[in-house]
Amino acid sequence: MNVTKSNSASDTLAGLDSQLHCFTVARDDRGVVSVSLDVPNRSMNVIDERVLDELTWIVNSLQTDATAKVVVFRSGKASGFLAGADVHEIAGLHDHELLAQTLRRGQDLFDRIEQISAVTVAAIDGPCMGGGLEWALACDHRVISDSPATRLGLPEIRLGLLPAWGGTQRLPQTVGLAAALPLILKGKAVDATRAIRIGLADRMVSAAHFSSKVAQVVAEVLDGKFPQRQRNRSWTTRIAERLAIGRRMILQQARHEIHKQDPEQHYPAALLVVDAIERGLTDRVDGLAAERQHFATLLESPTSRRLMGLFFQRERAKNLKTWAPLPSSDGSPKAADQPADTAEPLPEIRNLVVIGGGVMGAEIAQLAAAKDFHVTVQEIDAAAADAARKRIEGLVKQWAKYQHADEQMLTKIRQQLHVTCDDTALSKADLVIEAVVERESVKRQVFRDVERLIGDDTLLVSNTSSLRVQRMAEVTSHPDRVAGLHFFNPVSRMELVEVVHTHDTDPRVLQRLLQFARSLGKTPVVTADSPGFIVNRVLFPYLGEAVQMTIEGYDAEFIDRPMRSFGMPMGPLELLDHVGIDIAAHVADSLSGVLPDAQAVAERLKEMSEAGELGKKSGQGFYLYKDGKMDRPVVSGQSECFADKEVFCDDGLTPTQRRVLYPMINEAMRCLDEKIVRESWMVDLAVVLGTGFAPFRGGPLQWLDDAGADVVRQNMEILAEQFGSHFEPVPGLLAAAQWKEPLMRMHPSLETL
Ligand code: NAI
């Protein structure tokens, strides 16, 4: 067989070669055309203006090429098929005309791919998301690799948008309505096994022999022997989807769920997705028009702007250069100022020792082993080591179930992980993470003991949630290699890690820890060493005010309900019950030195903790729990409005929301005043990822910008008279109220929004 490998091998593709920068087209004498995408200067393929242009030329040629029998679309990059459309380009599309054109162009292009007379195959090894999946859905077949990196999804809803290049039309057609709805509405990607099960892909092949397996599929297609795709659906779903009334019921149920989960309609995209799908069921043209219309509306919505803001913040946080220290006062650059790619390579972290295999240690160890680190968990005695082993084994099984891991992967993870009571692993450790009980004296002793046994290059970090890392660093002789890595519970699901530096932490140590956090798949936020860092520090005043209101006799639901309406995943008192009143009492105690008026709250939590009212785990906290489920508030207290609405400037909040939220906003500003982080977006990202703060509002400081700093200042002064000094606006807030400029203005990358 002859393969011509150039940018324009066939007659019909001739003339394109000089114009193609992102694609390579090759063709063999059987009429198999391979179209390979490799967008220059990108680690991952994305669809931008240039890709659309070039793909349009290629499709134009293929449509008139009667000799092409099979067209295979694939990626020329090892990183995967396609990450989707370029979010930066989308965010910049303010011109309605231009937006409508771009959407229509993509829709037409994918329609025309669907109409190519040759059989089209998308060969997917690695991520295939958003516009990438919409492209693949327009092909006749999808062949996917069994790599764990292969994931298919339409995540647009996470940016407050909907798929608008035919995704809401073709996905239901391909996998059925019942399977398509959650995929689009939750925006979660599926792995290769699930993609096959629901009929999203036709064949799963070995990632190790991907090219040759795809070639086999092509040969089967040429021979007319490629089998029909199977969908694994129950007979009831099959019947329901075949009948118009059944389809209506499925859509009605979806709408019902959306209203239940988001009664305030903070996330408008979900109902519009259902509408676009419904309209497309009777008329594809109308469905595509709905996609375009709804996308344009959503793109201008505050929800989408905030969610895109968070997306860019995440990208910035994952970039090591974001956290490089500012040049020192004499202007001389420090090692970490140099761009990561030109600086001397940082020593790799491979061997990890976790001291303490309790709740957090076990989770950190399991995640690190799953990400291919060698992990030793060091416990205090044999009984504790046994308990840690059991805990870790439970987590490994949970992980395997979630990841659809096979026995081979399980065995590999187990081989990467050891639990012991001796300290011999320390001499080979690149990184030691201390996760013992939250008692300063115990931690300081651990640091003293460990330092004697580790190598010169070993990093030593604490997972403390409320103590000062400096207190541990100062018992060591090399405080420059000591830092904090504050993971959140549950580690496998919480994306944030606070990376804490003391005055002495070496910038290169910080860079190594940032790399480590990234290789665990986490988003890091670097903070200074202050009690509670960012997340607990900002969260506590909010929780504390809710506790204070219960002391005053307010009903728990009276406090929690409005905060759920505000967009929090749960109310503050419910959250305290979840975290554990004992843990909260501990944090409150550590923070009482830095937070005004926190004493009464700390005492109340301590009392509850001593009475065994630990929250969900003990069956009683602010609520009573039956079989692990919330039953009712412990005390039904007063639920009347406590403040005259009229005296406040309009900030869009109810009195309860204002009272509970304002201390948090004030504290977020105080963190900027105290330079716990450098820029306001860092507070927002940490608080959204660490606490679930209503993402559509963009974070506490974004909310402050939106409400207006001067409005908030005036309201705070009124609240301070009624409820105490913690409502007195901090200097940064007073200054912001005078600037009349949004805080986010200070960050040019967000201005483009
Ligand atoms: P835990 O009480 O579940 O586990 C502590 C473990 O450390 C126990 O297994 C204990 O046997 C072991 N240990 C105690 N002294 C030791 C020593 N000298 N050498 C070796 N092992 C020793 O505690 P948890 O909840 O895992 O907390 C650990 C750390 O993580 C604390 O600093 C806590 O503040 C922090 N943290 C906890 C979170 C949570 O939600 N539980 C969240 C984030 C941080």
Here the FRET efficiency for S211 versus T56, based on Cβ atoms and R0 = 35 Å and rounded to 0.05, is 0.85
For region 26-42, take each phi angle, set θ = phi - 60°, evaluate the Karplus expression 6.51 cos²θ - 1.76 cosθ + 1.60, and give the result in whole Hz per residue in order, putting x for glycine and proline.
10, 9, 10, 6, 8, x, 9, 10, 10, 10, 10, 9, 9, 5, x, 6, 10
Just grab the label-to-label distance for E315 and D381, each label 7 Å out from Cα along the Cβ direction, in nm (one decimal).
5.4
Taking R0 as 45 Å, what's the FRET efficiency between F648 and A296 from their Cβ-Cβ distance, rounded to 0.05?
0.80
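Report, for region 3-232, the % of DSSP beta bridges that are antiparallel, rounded to 5. Mind dumping the intermediate values first?
Values: 11 of 32 bridges.
The antiparallel proportion sits near 35 percent.
Taking each pair of distinct Cα atoms in the chain once, what is the resulting Kirkwood hydrodynamic radius in Å?
Values: mean 1/r = 0.0352 Å⁻¹.
Radius from the Kirkwood sum: 28.4 Å.
Calculated FRET efficiency, D423 and A149, Cβ-Cβ r, R0 45 Å, to nearest 0.05? The partial results should precede the final answer.
Working: r = 36 Å, r/R0 = 0.81.
Efficiency computed from Cβ-Cβ geometry: 0.80.
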From the C-alpha gyration tensor of region 77-145, pull out the three semi-axes of the equivalent ellipsoid (sqrt of 5λ each), sorted largest to smallest, in whole Å.
24, 17, 6
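Which three semi-axes in whole Å describe the equivalent ellipsoid of region 112-231, each the square root of 5 times a Cα gyration tensor eigenvalue, listed largest first? Provide the component values of the computation, followed by the final result.
Numbers: eigenvalues 108, 51, 30 Å².
With the √(5λ) rule applied to region 112-231, the semi-axes are 23, 16, 12 Å.
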Label points 7 Å out from Cα along the Cβ direction at T411 and Q265: separation in nm?
5.6
Residue separation between H404 and R518 times 0.36 nm, minus their alpha-carbon distance, gives in nm 38.8 nm
Descending Cα extents along the principal axes, region 321-529, whole Å:
56, 37, 28
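Quantify how much of the Cα-Cα distance distribution of region 536-739 extends past 21 Å, in percent.
Details: 10404 of 20706 pairs.
Looking at region 536-739, the distances longer than 21 Å represent 50 percent of pairs.
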Residue-normalised value, i.e. accessible area per residue, for the chain at 1.4 Å probe, in Å², stands at 43
Please list the three semi-axes, largest first and in whole Å, of the ellipsoid equivalent to region 387-491, using sqrt of 5 times the eigenvalues of its alpha carbon gyration tensor.
29, 16, 12
Please sort 110-117, 91-98 by packing, taking for each peptide the average over its residues of neighbouring beta carbons within 10 angstrom, highest first.
110-117, 91-98
By a straight-distance test (C-alpha under 25 Å), which lysines pair with K213 as possible cross-link partners, with residues fewer than eight away in the same chain excluded?
K5, K69, K77, K225
Under 15 Å Cα-Cα from K617, which aspartates and glutamates qualify once same-chain neighbours fewer than 8 residues away are excluded?
E574, D577, D582, D627, D631
With label points built 7 Å along Cα→Cβ from the Cα atoms of E114 and D286, find their separation and express it in nm.
1.6
Rounded to whole angstrom, the alpha-carbon centroid of region 151-172 lies from that of region 539-564 at a distance of 38
Compute from the Cα atoms of region 3-232 the Rg and the Dmax, the latter being the longest Cα-Cα distance, and quote both in angstrom.
16.6, 49
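Based on Cβ point charges of +1 for Lys and Arg and -1 for Asp and Glu, what charge dipole magnitude is obtained for region 3-232 about its Cα centre, in debye rounded to the nearest 20? Before the final figure, lay out the partial values.
Details: 24 positive and 26 negative charges, 197 e Å.
Here region 3-232 has a charge dipole of around 940 debye.
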Note the full-extension length gain between D627 and T193 as 0.36 nm times their separation in residues minus their Cα-Cα distance, in nm to one decimal.
152.8 nm
Percent accessible area from carbon and sulfur atoms, the chain, protein chains only, probe 1.4 Å
51
Env charge @ G690, Cβ radius under 10 Å, K,R +1 / D,E -1, value -2
Quote to one decimal, in nm, the extra length available between L98 and R493 on full extension: 0.36 nm per residue of separation minus the C-alpha distance between them.
138.3 nm
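Which value, in debye to the nearest 20, describes the size of the charge dipole of region 536-739 about its Cα centre when Lys and Arg Cβ atoms bear +1, Asp and Glu Cβ atoms bear -1, and nothing else is charged?
560
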Cβ charges +1 (Lys, Arg) and -1 (Asp, Glu), total dipole of the chain, debye:
2540
Around G455, under 9 Å between beta carbons, what's the net of Lys plus Arg minus Asp minus Glu among the other residues?
-2
Considering every pair of different Cα atoms, what Kirkwood radius, in Å, is found for region 455-604?
16.7
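Å³ per residue of the Cα convex hull, for region 645-742? Don't skip to the answer; put the middle values down first.
Details: hull volume 9.3 nm³, N = 98.
Measuring per residue, one finds 95 Å³ for the Cα hull of region 645-742.
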Cut-off under 5 Å, modelled amide H: who pairs with T654 long-range
none
Highest mean packing first, using Cβ neighbours within 10 angstrom, the peptides 473-483, 41-51 sort as 473-483, 41-51
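The values are calculated or read from the model by the stated rules, or taken from the named source; none is laboratory data. Remember, predicted model here, so these are calculated numbers, not experimental data. Note that each Cβ is placed from the backbone with ideal geometry, even for glycine, and that neighbours are counted across all protein chains shown. The accessibility values were calculated without ligands, DNA or RNA, using every heavy atom of the protein model including side chains. Shrake-Rupley method; radii C 1.70, N 1.55, O 1.52, S 1.80 Å.
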